[in-house]
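Report on the structure given below.
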Amino acid sequence: MARNMTRSARDSGPVRTPRWRRLPIFTATAVAAVTAVAACSSGGSSDSSGDSKSPIKIMVISTLQSAAFGFPEAVDGAEAAAAKINAAGGVDGHQIEISSCNDQFDPNTASACAQKAVSEKLAGVVTGYTSYGNKILPVLAAAKIPFVGLIPATDTEWKSSLAFPFGAGSTGNFTGVTIKLYEQGCKKLGSIASVAAASIDTGKSVENAFKHLGGEVVYTATIPPTAADVSPQVAALVKSGAECVVTTIPPAVELSFIKAAYAAAPDMPIGLAGIDDEVAAKVGPAGKNIVKGDTAYPATSNELKPFVEALHAFNASAAVSSWSLNAYDGVEVIAQAAKGLDKVDAASITAALSKSTSVKVTGYPEPIDFSKPQPVKGLPRLFNPNVVVSHFDGKHFIAFPKPVNVLSALQAVRGTA
């Protein structure tokens, strides 16, 4: 059987730019016309010689590059999973084929990416990181395409039957961090959010969870994602008497905040989510204060060794991060669901996922049961309430001994379904 070894992201043009390089972004009016050409790329066509079975086509919709930030390694993660599966014969003889679409951190582009997935009749969509699942899912609904591994933050994402998140979403990750900070002795919390509605909502959940635990919220504020100066918020935070702070702000401004907070209060723990070893190292000694919540174990943990080996077998220079892992896991989960199906398409994979009771996800504490949502009001697509909380030792994130189960805290804040 001829194998379709998916094309390396290094060969896909602008996708492989450095993560923190500032790059041009298309205007909203140009998105619809150019997205299919400029933002989307294919991992190559499947070689079907000697085998009539069609490929299983999966798209990565993710913020690969933008004017603010980007995580191009998501494509590496997806293609590494596909390469590993294809090398072992595929899924019942079907090869995995990966394409990618950069949402450019823009809601209109994200929607256009989803339209591309529908027009190409893809079997599934995965992501490294996107803020616009609420724009992607309504478009995918027309073709019943599952969105696997998204990080929910909005009602649309939490309530769509096509959403298959691996963890408790932004709300759960930040709640896990909040619980750990309280357990570590912080009783007075500062909460810093972005100006985006989803960030503000997550911040409110953090504050309510902290109050439920018995703590006091002494300071709240917002910071725009393009803020050049965060010193006013830092000064007010310190003046409030906060003993720790949780930030739900974008990566670019978060680094500035961490450095400024460390300069003003060298021992104040900073709870956050969504940054990896490489990014945390950029803040120097301030990194010792970082406590991170995530759905999976840190990059250097034993639990992630299979992923790291597969990723670097595919591309030795690929970045090991939450985003490359998320896309890798998304492809693996779709492959698990497709196994044994008589007809492999989006609708059949969605149906199979909905019945899956023990899905193995690399780097996660326990298998996930997609057939049984956790009973939390307003979060009907919450399947896994465990959050892995880690601290930064200057080089790597190190997980605390046990994951934090956020189910009771979420139920206390939101109610029981």
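Here, each number is a calculation from the coordinates, and none is a lab measurement. Since this is a predicted model, take the numbers as computed values, not measurements. Counting neighbours? That spans all protein chains shown, and the Cβs are built from the backbone with ideal geometry, glycine included.
Brief remarks follow.
- Residue order, fewest to most beta carbons within 10 Å, for Val344, Val406: Val344, Val406
- Of Gly274, Gly185, Gly128, the one that fluctuates the most in a GNM where the chain has Cα springs shorter than 10 Å: Gly185
- Highest-MSF residue in the chain out of Gln115, Gln184, Gln95 [GNM, Cα springs under 10 Å]: Gln184
- For region 268-316, the relative contact order comes to 36 percent (Cα pairs under 8 Å, sequence separation of at least 6).
- Relative contact order %, the chain, counting alpha carbon pairs below 8 Å whose residues are six or more apart: 18
- Derived value for region 223-379: Kirkwood hydrodynamic radius 18.5 Å. Basis is the mean of 1/r over every pair of different alpha-carbon atoms.
- Alpha-carbon centroids, region 358-380 and region 80-140: separation in whole Å: 21
- Over all distinct Cα-Cα pairs of region 317-402, the Kirkwood formula returns a hydrodynamic radius of 15.1 Å.
- Here the Kirkwood formula puts the hydrodynamic radius of region 71-178 at 14.7 Å, using every distinct Cα pair.
- For the residues Ala235, Ala163, Ala335, a GNM of the chain with alpha-carbon springs under 10 Å puts the largest fluctuation on Ala235.
- The coefficient of translational diffusion for region 369-417, derived via Stokes-Einstein from the alpha carbon Kirkwood radius under 4 °C and 1.567 mPa s, stands at 106 µm²/s.
- Each of Tyr182, Tyr328, Tyr297, Tyr132 was scored by other Cβ atoms within 10 Å of its Cβ. Listed from fewest to most, they are Tyr182, Tyr297, Tyr132, Tyr328.
- Each residue of region 156-263 gets 107 Å³ once the volume of the Cα convex hull is shared out per residue.
- Projected area averaged over orientations for the chain, convex hull of C-alpha atoms, nm²: 18.2
- Using a Förster distance of 45 Å, the FRET efficiency for Glu120-Ser231 (Cβ separation, nearest 0.05): 0.40
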